[in-house]
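Let me begin by presenting the structure, written as structure tokens, before commenting on it.
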Amino acid sequence: MARSKKQEIELPNMEEIEKPKRKRSKSYSRTKGHAYETKIAKELRELGFTEVVTSRSESKAMDDNKVDLIDKADKLPCKIQLKSTQSIPSYFKIRSESTVDPKEFVIIWSKQEKREVNIVSVGEAVIMDKSLFYKLIKPYAGSPNY
């Protein structure tokens, strides 16, 4: 009787096996976006714009019009859309989808980066029409020490 040869099975090193990357759910992104809206609304209230609220809580029409924050006292010189994304928001595309005066449309962007466990903000920037920027800085022209 012939002896059977034992076959050696080589098992892969478990550390070398890449885990499949989980795709973030829409609810994760939505929750993160809502948290960012609440954060910026709170910061603006602390700056003295005491009647700033999220459009989700105030006006579906404004939310649908690409405006995430509403100043019920109408003191803010702009309409704000918030983005918390990894890539730069398409300012002109988003602005074109809104009926807000383009010279008043502003995006506040939180740049996101993937980390080992989650996604984190690595900085924030504001994107706006140049004429609004000039309007905002004009009062400082000729001011010493600023």
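Structure notes:
- Region 109-136 residues that are touching a residue at least 40 places away in the same chain (Cβ under 8 Å), paired with ones that are surrounded by fewer than 16 Cβ atoms within 10 Å (Cβ to Cβ) and part of a helix (DSSP H, G or I) (beta carbon under 8 Å, 6 or more apart): 132/103
- Tally of residues being in contact with a helix residue (DSSP H, G or I) (Cβ under 9 Å, 6 or more places away or on another chain) and within 18 Å of residue 35 (Cβ to Cβ) across region 86-108: 2
- Picking from residues in region 11-68 that are over 17 Å from the mean Cα position of the chain (by Cα) and of a type in the set (S, T, N, Q), the one that is modelled with the lowest pLDDT is 13.
- When residues of region 82-106 are limited to those that are part of a strand (DSSP E or B) and within 9 Å of the chain's Cα centre (by Cα), the one farthest from residue 59 (Cα to Cα): 85
- Taken over region 84-95, the criterion of being modelled with pLDDT of 95 or more, surrounded by 12 or more Cβ atoms within 10 Å (Cβ to Cβ) and not aromatic (Phe, Trp, Tyr) is satisfied by 88, 89, 90, 94, 95.
- Neighbours by Cβ (under 6 Å, 6+ apart or cross-chain): first from region 45-71, outside any strand (DSSP E or B); second among the basic types (Lys, Arg) and crowded, with 17+ Cβ neighbours inside 10 Å: 67/79
- Just one of the numbered conditions (1) surrounded by fewer than 17 Cβ atoms within 10 Å (Cβ to Cβ); (2) under 20 Å from the mean Cα position of the chain (by Cα) is not true of residue 131: (2).
- Some residue of region 113-121 being in contact with a strand residue (DSSP E or B) (Cβ under 7 Å, 6 or more places away or on another chain), exposed (fewer than 12 other Cβ atoms within 10 Å of the Cβ) and either among the β-branched types (Val, Ile, Thr) or farther than 19 Å from residue 30 by Cα (or both): yes
The values are calculated or read from the model by the stated rules, or taken from the named source; none is laboratory data. Small disclaimer: the values here were computed from a predicted structure and weren't measured. Here the Cβ is made from the backbone with ideal geometry for all residues, glycine too, and neighbour counts use every protein chain on show.
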